[in-house]
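Structure record follows, encoded as structure tokens.
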Amino acid sequence: MAKLQAAQNRLYKNLFLCKNCGAKIKVDPKKILEGKIKCRRCKKKKFRAHKKK
Ligand SMILES: [Zn+2]
């Protein structure tokens, strides 16, 4: 099951939620940090990681 866990971590790693409207976007975290990603729905640039614990 460790393999599955790793795969899921990788999936969620690239998954971000728009802080404004909650839209899910799957991108390279590097691009988020570089500010290259805009939310498709509201055009905002604020994102957070999918899972925050
Ligand atoms: Zn949005």
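Within the span defined as region 13-25, one or more residues are surrounded by 14 or more Cβ atoms within 10 Å (Cβ to Cβ), polar (S, T, N, Q) and within 16 Å of the ligand (Cβ to nearest atom). Within region 29-53, no residue that is of a type in the set (S, T, N, Q) sits with its Cβ atom under 8 Å from a residue that is more than 11 Å from the ligand (Cβ to nearest atom) at 6+ positions apart or across chains.
For region 33-53, the tally of residues that are more than 9 Å from the ligand (Cβ to nearest atom) and either of a type in the set (Asp, Glu) or on the phi > 0 side of the Ramachandran plot (or both) stands at 2.
Every read-out reported here was derived from the displayed coordinates using simple, explicitly stated rules and does not represent laboratory data. Just so it is clear, the structure is predicted and the values come from calculations on it, not from any experiment. So basically every Cβ, Gly included, is an ideal-geometry build from the backbone, and we count neighbours across all protein chains shown.
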